[in-house]
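Single-structure report; data block below.
Where a number appears in this text, it was derived from the coordinates with a stated rule and is not lab data. A quick note: this is a predicted structure, and the numbers were derived from the prediction, not measured. Reconstructed Cβ throughout: ideal geometry from the backbone, glycine too, with neighbour counts over all protein chains shown.
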Number of protein chains: 2
Amino acid sequence: MLHEGQIDRVGYILISGWACSYKLLPDGKRQIVNFQIPGDFMGLRSSMLRTSGYSLESISDIVVVEVCNQVLFGGRSESPKLTAALLWAAARDTAMMVEHIVNLGRRDARTRMAHFLLELEARLALVGLAGKAGYRCPLTQYHLGDALGLSSVHVNRVLRDLREAGLVSFQAGKVEFLDHRGLTELADFDPAYLDQTPRIAA
Amino acid sequence: MLHEGQIDRVGYILISGWACSYKLLPDGKRQIVNFQIPGDFMGLRSSMLRTSGYSLESISDIVVVEVCNQVLFGGRSESPKLTAALLWAAARDTAMMVEHIVNLGRRDARTRMAHFLLELEARLALVGLAGKAGYRCPLTQYHLGDALGLSSVHVNRVLRDLREAGLVSFQAGKVEFLDHRGLTELADFDPAYLDQTPRIAA
DNA sequence: CGTACTGTTGAGATCCGTCAAGCACCGTGG
DNA sequence: CCACGGTGCTTGACGGATCTCAACAGTACG
């Protein structure tokens, strides 16, 4: 889809499908920084940041709406709602990155995975893509590994552990929560950081 | 200094001294998200984020200037320069968090440490606090461990490795580069992400 | 029918954490 | 002056979490 070095200063809004932003390292490893799900902005960072090796990639088939940034940063008064939404998204993105840092730095593989699956559920629920039972998820175990700083082999083992412990099941593209409370406790998951409502006073 | 739960919606600019922002986990571990050095904004995230367990702490004696956010978000036209500087700082903060995620997720302890010390050098150089030889650094090995997701014991070993390999020395509160090129190569360090100059078109 | 991709499992190696002990420094108070 | 406690640094031994290498199964697709 998109690749690094694009300077067109344009963002997108993801309508359907999943994508991810990641950075490639010289030894071939990659670190996924974030996943984009329907309703998310895409390209914010890539248009504002000059980081080498930083790229966007679609995971499933996707539909996007293009957002010309002249509208965003240009007249200022032209589309205050969109600008506000963008600030909201940026704040939430920051909050998610903080959690990501905590996740990678101080939690072990099981806890990390649990936290990740719960965060995804909370995000998907906001756009109606997660139900009581769980949610559909097109990510491969390689995606999970690259996001969580694990090898895909270990991702596999961790998923089996969590399933056999009766906490979550991730099979055939579906995430199902078997013990939501237990998982939340294990992961020390508090969804408050995803709800950055009106903290920036207008 | 400051502690979580403050809702006064105020930011600070750090004039002298060092501080850090971190999150505490229920098991007592902590993850340092970022260090603040002179010239940095502080409290941006803590006033915009409602994340539990998120705190600020001073590392050395510090001097700050208080910034009332009515000035920032209020009149809008009152202080465009400050607002622009804040946006710049936010963009750089984001870029640093991306690097932090990559660091924690996909680099081993030596490389992580190398990258961290080089990033700090680049940041300090911008405010005149790093010279050719190196820089003064008040961080303890515990700080380094909590920032890099390592135990302080392992931090100690890694620092000895790097010193004996003739790359960097961190002793007695001073960081000295013995082989700057070699270290940069080892760490895959590219300072471009710290220089977020005029990417946001006005 | 072959190829590519994803998932699965095992065995061995490695990195890093934990526990433990000891040292150096420094300020305090007797 | 010295004893003392606190903090930070250093090192060794051991164990565990995770990685790497390797092989194989299932599925989709040409």
Which residues qualify? For A:V67, with a placed amide H closer than 5 Å and at least 5 residues away or on another chain, they are A:G11, A:Y12, A:I13
Rounded to a whole number, the mean other protein chain Cβ count within 10 angstrom for residues of B:90-101 is 6
Over all Cα pairs of the stretch A:96-199, the Kirkwood radius sets Rh, and Rg/Rh then becomes 0.94
For A:K132, the aspartates and glutamates lying under 15 Å Cα to Cα, once residues fewer than eight places off in the same chain are dropped, come out as A:E119, A:E121, A:E176, A:D179
Amide H contacts under 5 Å for B:A130, restricted to residues at least 5 apart in sequence or on another chain and with H modeled in the peptide plane, are B:A125
Amide H neighbours of B:S16 at under 5 Å, excluding residues fewer than 5 places away on the same chain, with H built from the backbone geometry, are B:V63
Once A:T83 and A:A133 are pulled to full extension, the length gained, defined as 0.36 nm per residue separation minus their Cα-Cα distance, is 14.5 nm
Inter-copy distances for A:E176, nm, shortest first, label points 7 Å along Cα→Cβ, are 6.4
Here, trypsin sites (Lys or Arg not before Pro) of the stretch A:117-152 satisfying both criteria (DSSP loop; at most 11 other Cβ within 10 Å) are A:K132
Here the correct list, in nm and shortest first, of distances from A:V63 to the same site in the other copies, label points 7 Å along Cα→Cβ, is 5.9
Given a Förster distance of 41 Å, the FRET efficiency implied by the Cβ-Cβ spacing of A:K29 and B:S16, rounded to the nearest 0.05, works out to 0.60
With a ≥ b ≥ c from the Cα gyration tensor eigenvalues, square-rooted, and the rule rounded for a/c under 1.5, otherwise prolate when a/b > b/c and oblate otherwise, the stretch B:131-181 is oblate
Scalar couplings 3J(HN,Hα) for the stretch B:92-97 by Karplus 6.51 cos²θ - 1.76 cosθ + 1.60 (θ = phi - 60°), nearest whole Hz, x for Gly and Pro, are 5, 4, 4, 4, 5, 5
Here the correct list, in nm and shortest first, of distances from A:G28 to the same site in the other copies, label points 7 Å along Cα→Cβ, is 4.2
Rounded to 0.05, the calculated FRET efficiency for the beta carbons of B:D61 and A:V63 at R₀ = 41 Å is 0.15
For B:K29, the aspartates and glutamates lying under 19 Å Cα to Cα, once residues fewer than eight places off in the same chain are dropped, come out as A:E99, A:D108, A:E185, A:D188, A:D190, B:E4, B:E57, B:D146
